[in-house]
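Here is the structure we will look at.
The values are calculated or read from the model by the stated rules, or taken from the named source; none is laboratory data. These numbers were taken from a predicted model, which means no experiment stands behind them. FYI the Cβ positions are ideal-geometry reconstructions off the backbone, even for glycines, and counts take in every protein chain you see.
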Amino acid sequence: MIVTKKSIPRRTVLRGIGASLALPLLDGMVPAFAALRNTAAQPVRRYGVVYVPNGMMMNHWTPSAEGTGFDFPLITKPLEPYRNRVQFLSGMKGVDGSGPHARSATRFLTGVSAQPDNGSDLKAAVSSDQIAAQVLGGETQLASLELAIDGRDFVGSCDDGFSCAYTNTISWANDTTPLPMENNPRVVFERLFGDSGSTDPAIRKARLTKDASLLDSVTERADDLSRQLGTGDRRKLTQYLDAVRDIERRIQMAEAQSDRELPVVDQPAGIPDTFGEHAQLMFDLIALAYETDLTRVTTFMLGREITGRTYAEIGVADAHHPISHHQRDPAKLAKLTKINQYHCELFAKFIERLANTQDGDGTLLDHSMIVYGAGMADSNAHASQNLPILLAGGAAGVGGRHILFPEDTPLINLHLSLLDKLGVPVDTLGDSTGRLPLDPLS
């Protein structure tokens, strides 16, 4: 990082018609940080959670060795290039209870199980991401982002005796308020970068027609700012603006495609045709939100529990949830492994994006802690023990390790430890019993 005497405020934005575009951290902003804190600029830490549904093929997930000499099994092979920024965490369990899928999602960040109800008597607990958001959100435009791939129109496809609210989210504002997960990239884009000020579809469409690109309305200001920057900052700004334009182009393409008649149920505008395109778009939006410090807390469900999604794009035409009850059928086991690996491939591309994005004296990956995993292990048994959990990012501690914790260590202990690293310590969460030693000799 080059520290100059000329200072650009960190909250500088490019404003245009109906939009404002936040900027990434530029070298020229460092003096503003130093003046504010009377010290060298400290890296901002991000806390992300990526949740996968319907369990995991554990024999293709768990490394065979503990410590630093571990292997990357089939499912996680795409993450091998980032060995030094990855920790496998084995031995943790979730809270027991009825409703295997409802409890899997609910307990992941709360440490409590879902309670049977008829939809009017929800009961869980505030989730760790929202505890972080209550503190870190005071420094960002958005306290948190809750994202998903699946929509919320799954009434009747939930655990018997449990509201679908339990399987539709992993984020809870408090013990009775589940937070909705947004699956439309256009809505997320507009939350980050502004819109016409109305949710009316006709008004939004007119605005898009008038302003073909968000960047078209801020180009002049971007050019003015660029002339004030050094060579490195100009290059960083250009790369960032190109990334924003690329995401906007992909959303617009998805919206154009959504107007076609398809032999499936209608999808909301802005949602790509394939799972992979949709997931990558959402991951890219998370990366942009981190880069511009619009939020430091995100949750992303790659699928809701009991999802019946098919994956024709990778040759799996079977619905996910039914084949997760595989009864050791070799054909079903192979398909489940393929789905699990596909999810991890998409996650690895997100990790690559974070690793290739400069952030101060490091990268976004250096300054992030991202939890990736599922709320159950073996799906056929709805297993609550030895959950598949992976931790990525330099802010989480020393990577390149497979740690086997004592049997039945509560999963929520992990989130207590991560909240400490974020500077948001709390005494207990759910069924927590203490902190986890994520750093050597700690």
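Just checking, which of Gly373, Gly430, Gly423 is touching a residue at least 24 places away in the same chain (Cβ under 8 Å), outside any strand (DSSP E or B) and buried (at least 17 other Cβ atoms within 10 Å of the Cβ)?
Details: Gly373 fails: outside any strand (DSSP E or B); Gly423 fails: buried (at least 17 other Cβ atoms within 10 Å of the Cβ).
Answer to the selection: Gly430.
Kindly establish whether Gly276 is surrounded by 22 or more Cβ atoms within 10 Å (Cβ to Cβ), touching a helix residue (DSSP H, G or I) at 6+ places or on another chain (Cβ under 8 Å) and either modelled with pLDDT of 90 or more or not charged (D, E, K, R) (or both). Considered against the rule, which asks whether it is surrounded by 22 or more Cβ atoms within 10 Å (Cβ to Cβ), touching a helix residue (DSSP H, G or I) at 6+ places or on another chain (Cβ under 8 Å) and either modelled with pLDDT of 90 or more or not charged (D, E, K, R) (or both), Gly276 comes out as no. Would you confirm whether or not the stretch 348-370 contains a residue that is in the same structural domain as Ile412 (by TED's automatic domain parsing), of a type in the set (A, V, I, L, M, F, W, C), over 28 Å from Pro437 (Cα atoms) and surrounded by fewer than 22 Cβ atoms within 10 Å (Cβ to Cβ)? The answer is no; no qualifying residue exists.
Restricting Leu416, Leu390 to those that are part of a strand (DSSP E or B) and either more than 21 Å from Cys344 (Cα to Cα) or in the same structural domain as Tyr82 (by TED's automatic domain parsing) (or both) reduces the list to Leu390. Taking the criterion of being touching a Phe, Trp or Tyr at 6+ places or on another chain (Cβ under 9 Å) and part of a loop (DSSP other than H, G, I, E, B), the residues of the stretch 311-339 that qualify are Ala317, Asp318.
Out of all the residues in the stretch 396-420, which are within 19 Å of Thr110 (Cβ to Cβ), surrounded by fewer than 17 Cβ atoms within 10 Å (Cβ to Cβ) and within 23 Å of the chain's Cα centre (by Cα)? Within the stretch 396-420, just Asp420 meets the criteria.
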